[in-house]
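See below for the structure under consideration.
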Amino acid sequence: MNTGKIKKLVRDRGFGFISDTDGREVFFHQNALVDVKFDALNEDQAVSYDVEKSDKGLRAVNVHLA
């Protein structure tokens, strides 16, 4: 499992980006959240997640608050 912080939230579209410990940005969609509501998230909040490849690049799945 990877760790990082929420870098940016696009609330009206239901997605955001996580900055991982290596400085990479990873996309996530609100459907990838586990046990937390998208509206409850804030930028700079610590999260843990798994990464999978999609046709558009890396995507975070199984996103949990750390």
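The table below gives the values:
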| quantity | calculated |
| --- | --- |
| Given charges at beta-carbon only (K, R positive; D, E negative), |dipole| of the chain in Debye | 160 debye |
| P(r) tail fraction, the chain - alpha-carbon pairs more than 17 Å apart, % | 27 percent |
| Local electrostatic count, residue 30, Cβ distance below 11 Å [Lys/Arg +1, Asp/Glu -1] | +2 |
| Under Karplus coefficients 6.51, -1.76 and 1.60, residue-wise ³J(HN,Hα) of the stretch 12-20 in Hz, glycine/proline x | 5, 10, x, 9, x, 10, 10, 9, 7 |
| Positive-end residue, the chain charge dipole about Cα centroid, Cβ charges, pick of 15, 62, 45 | 15 |
| Label point distance in nm, residue 56-residue 39, each placed 7 Å from Cα along Cα→Cβ | 2.4 nm |
| Cβ crowding within 10 Å averaged over residues, with 51-58, 33-40, 14-21 ranked highest first | 14-21, 33-40, 51-58 |
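Read-outs throughout are calculated quantities, based only on the coordinates presented, and are distinct from any laboratory measurement. All values reported here derive from a predicted model rather than from experimental measurement. For neighbour counting, all protein chains shown are included, and Cβ atoms are generated from backbone atoms with ideal geometry for every residue, glycine included.
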